[in-house]
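The values are calculated or read from the model by the stated rules, or taken from the named source; none is laboratory data. Just so you know, these numbers come straight off a predicted model, no measurement behind them. Positions of Cβ are backbone-derived with ideal geometry, glycine not excepted, and every protein chain shown enters the neighbour counts.
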Amino acid sequence: MAANITASAVVEKIRGQAPATWMAGTSEGFECGDGNVNVTGIVTVWTPTIQSLQKAISLKHNLIISMEPPFWRENGTVKTEVSMGAPTTKVLEANSVYQFKKKLIDDNGLVVWRFNENYKALPSNPRLNALARTLGYKDQNTQATQKLASLSAAVYTIPEVSLMDLAKKARDSANAKALRVLGEPGEKVKSVALMPGYVTDADIMAMVHDKNVDAIVCGEACEWEAFEYAEDWITAGWGKGMIMLGRAVSEDPGAQELATWMRSFISDVPVSGIAVGEPFSYIPSHKA
Amino acid sequence: MHISRRQFNKLAMTSCAFAAAGAARPAFADGPMTAQQMVDKISTAMGPAWNPASYRDTFKMGDPNTPVNAVASCFMSTFDVIKRAHAKGLNFVITHEPTMWTDQDFLPPVENDPLFKLKLEYVNDNKMIVWRTHDSLHKMRPEPMITAENKKLGWDKYALPDDAKTYKFPPTTARDIVSQYTENVPTGSVRVIGDPSWAVKSATQCGHGFSQNVEGLEKYDATVSIEVREWETCEYGRDLIASGAKKTMIIGSHESGEENMMKDFPAWFQQLFPTTHIEFIPTTDRLWTL
């Protein structure tokens, strides 16, 4: 590759595309490697799994742009994720998986740059729009969505469908084999609040306040917070269902869209979007 | 409208001041006990497990001085559980988990939420009371959650004598352990990371914590978790396997993995209040998969 562009220069180019929304003091930065490294190719990915790093190595791409940090914990003072208690640095550094992954990154000279808050704030909103496109939701209800500018979420009007068929379509189009559903399968759904990623009960309150939403489609919800809120919302007769796609599959389309977007202003090196897919190996079929 | 924390608590528990005054007032000799009087007796009986400073183990809705007709014990005081308790004439709901959808319960912006107002109105209109018992229950010995789970799973016989949440199995496969779990756990939601053919000789219950899961997976062949964060614990599990380890993670649902303890609670309660009617109301997570 004859190109000569450093990792820092790539970050500057990204920043230059979104000057109006760019925020300082975020969780973002170089997690591994160094901004002075010459970039041979770029991989965009939701979370830099070992398999996605191996893929990057096979593509000879050395810059990884990911929304999540590589070692499953946020080391900086700015936290964007909910953690249920990470191990200490000492415990983590003694861990065999940490060592395996660290060696893979170091031996192959990979650079990992975390892109999170400013990615979520991009005016083109790849995180939301790419997931909506994957799921086939087209008609954004702008009136319902307007108030939610701070969330990468929107309400979509869809042709009436049963909750069961909505779930099947989501499973097939997002390859979300482990998705989980709350609500009566036969209920009819005409409007969907789409919320990629992890949602809090406050996020859901903001989305369903006007009672114009039949179903929530999200990535992940805590089973004593947003999940319970949805449960009560359904009991109240205000909502009909919630589909939890799984965190990874709700983020994959956005991460791939990021590569497409970057190719519009980076031609020096190849940019590849990688979908990690769901981490779950199988769902033992079971009915109580 | 801005509501201060103090006003908010007053709104949620319609008569906090009355509750404080009521504590000093003697009960009518032959009248039913109030919820507050019952909690006083429960906390005394819990002994060293009781932590009066716990923000979790407090009244959540209703007037603590309300006379108790009958009691519902449940895993989670969902709106559905509260309604089913009311239909059965059980006006005191003893729940293990939150009522207002966060661990802290009274966390903004809940005070302005229409669903919160609806639920609160239902509790107040029907003269119900909701009290949470979480930290103290987990501190009792033997620990009631693991005791109940082992009984339910039939894993008592495999539990280590000094660590009841860790099991040594006769050598078997992950497939077999997973089916033992799913056959005994009433939920549509069990997700597995790992290969069904892998050998499993040991397992441990890891709850919600990422660090507990890391530690459990280092020491044992399989872990059983309920309600973990996917970006940390599930992604660690995926990487663990990609690094070459043949480990199995069974991820159940929060309710189905923990609620049996509240099924056992009435027997304990009945020793303290032999004449008060108490019933377990299943929370039933109603999750389904395709």
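A compact table of results
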| item | result |
| --- | --- |
| A:Glu223 within 13 Å of chain B (Cβ to nearest Cβ), surrounded by 19 or more Cβ atoms within 10 Å (Cβ to Cβ), of a type in the set (Asp, Glu) and under 27 Å from A:Pro48 (Cα atoms) | yes |
| So A:Gly239, is it modelled with pLDDT of 95 or more, within 21 Å of the chain's Cα centre (by Cα) and not assigned by TED's automatic domain parsing to the domain that holds A:Ile57 | no |
| Close pairs (7 angstrom Cβ cut-off, 6 or more residues apart or separate chains): more than 17 Å from A:Thr134 (Cβ to Cβ) in the range A:156-168, of a type in the set (Asp, Glu) anywhere | A:Thr157/A:Asp139; A:Ser162/A:Glu187; A:Leu163/A:Glu184; A:Leu163/A:Glu187 |
| Failed condition for A:Glu12, given (1) in a helix (DSSP H, G or I); (2) touching a residue at least 12 places away in the same chain (Cβ under 8 Å) | (2) |
| Among the candidates B:Gly188, B:Gly209, B:Gly194, residue that is in contact with a Leu (Cβ under 7 Å, 6 or more places away or on another chain) and either of a type in the set (Ser, Thr, Tyr) or within 10 Å of another protein chain (Cβ to nearest Cβ) (or both) | B:Gly188 |
| Among the residues listed as A:Val78, A:Val37, A:Val91, A:Val97, the single one being more than 9 Å from every other protein chain (Cβ to nearest Cβ), more than 19 Å from the chain's Cα centre (by Cα) and either more than 19 Å from A:Trp261 (Cα to Cα) or of a type in the set (Lys, Arg) (or both) | A:Val37 |
| The range B:199-220: number of residues that are crowded, with 19+ Cβ neighbours inside 10 Å and among the basic types (Lys, Arg) | 0 |
| In the range B:50-82, the residues that are part of a loop (DSSP other than H, G, I, E, B), under 21 Å from B:His138 (Cβ atoms), away from every other protein chain (no Cβ under 12 Å) and polar (S, T, N, Q) | B:Asn51, B:Ser54, B:Thr58 |
| Which listed residue is at pLDDT 95 or above, within 25 Å of B:Thr102 (Cβ to Cβ) and either crowded, with 18+ Cβ neighbours inside 10 Å or of a type outside the set (Gly, Ala, Ser) (or both), from A:Val199, A:Val189, A:Val155, A:Val208 | A:Val199 |
| Residue within the range A:220-235 that is within 17 Å of the chain's Cα centre (by Cα) and of a type in the set (A, V, I, L, M, F, W, C) present | yes |
| Single match in A:Leu63, A:Leu59, A:Leu53 (criterion: crowded, with 24+ Cβ neighbours inside 10 Å, away from chain B (no Cβ under 12 Å) and within 22 Å of A:Pro270 (Cα to Cα)) | A:Leu63 |
| Which listed residue is closer than 21 Å to A:Ile204 by Cα, of a type outside the set (Val, Ile, Thr) and modelled with pLDDT of 95 or more, from B:Pro98, B:Pro109 | B:Pro98 |
| Single unsatisfied condition, B:Glu279 versus (1) more than 9 Å from every other protein chain (Cβ to nearest Cβ); (2) under 19 Å from B:Gly188 (Cα atoms); (3) charged (D, E, K, R); (4) in contact with a Leu (Cβ under 8 Å, 6 or more places away or on another chain) | (2) |
| The range A:20-46: number of residues that are part of a loop (DSSP other than H, G, I, E, B) and either at pLDDT below 95 or among the hydrophobic types (A, V, I, L, M, F, W, C) (or both) | 9 |
| Number of the exception - A:Asn212 against (1) within 23 Å of A:Gly277 (Cβ to Cβ); (2) touching a helix residue (DSSP H, G or I) at 6+ places or on another chain (Cβ under 6 Å) | (1) |
| Enumeration of residues in the range A:241-256 that are touching a strand residue (DSSP E or B) at 6+ places or on another chain (Cβ under 7 Å) and more than 11 Å from chain B (Cβ to nearest Cβ) | A:Gly254, A:Ala255, A:Gln256 |
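A quick yes/no check of all residues on (1) touching a helix residue (DSSP H, G or I) at 6+ places or on another chain (Cβ under 6 Å); (2) of a type outside the set (Phe, Trp, Tyr); (3) under 28 Å from B:His96 (Cα atoms):
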position: B:Cys206; (1), (2), (3): yes, yes, yes
position: B:Ser211; (1), (2), (3): no, yes, yes
position: B:Tyr220; (1), (2), (3): no, no, no
position: B:Glu232; (1), (2), (3): yes, yes, yes
position: B:Glu235; (1), (2), (3): no, yes, no
position: B:Leu240; (1), (2), (3): yes, yes, no
position: B:Ser243; (1), (2), (3): yes, yes, no
position: B:Ile251; (1), (2), (3): no, yes, yes
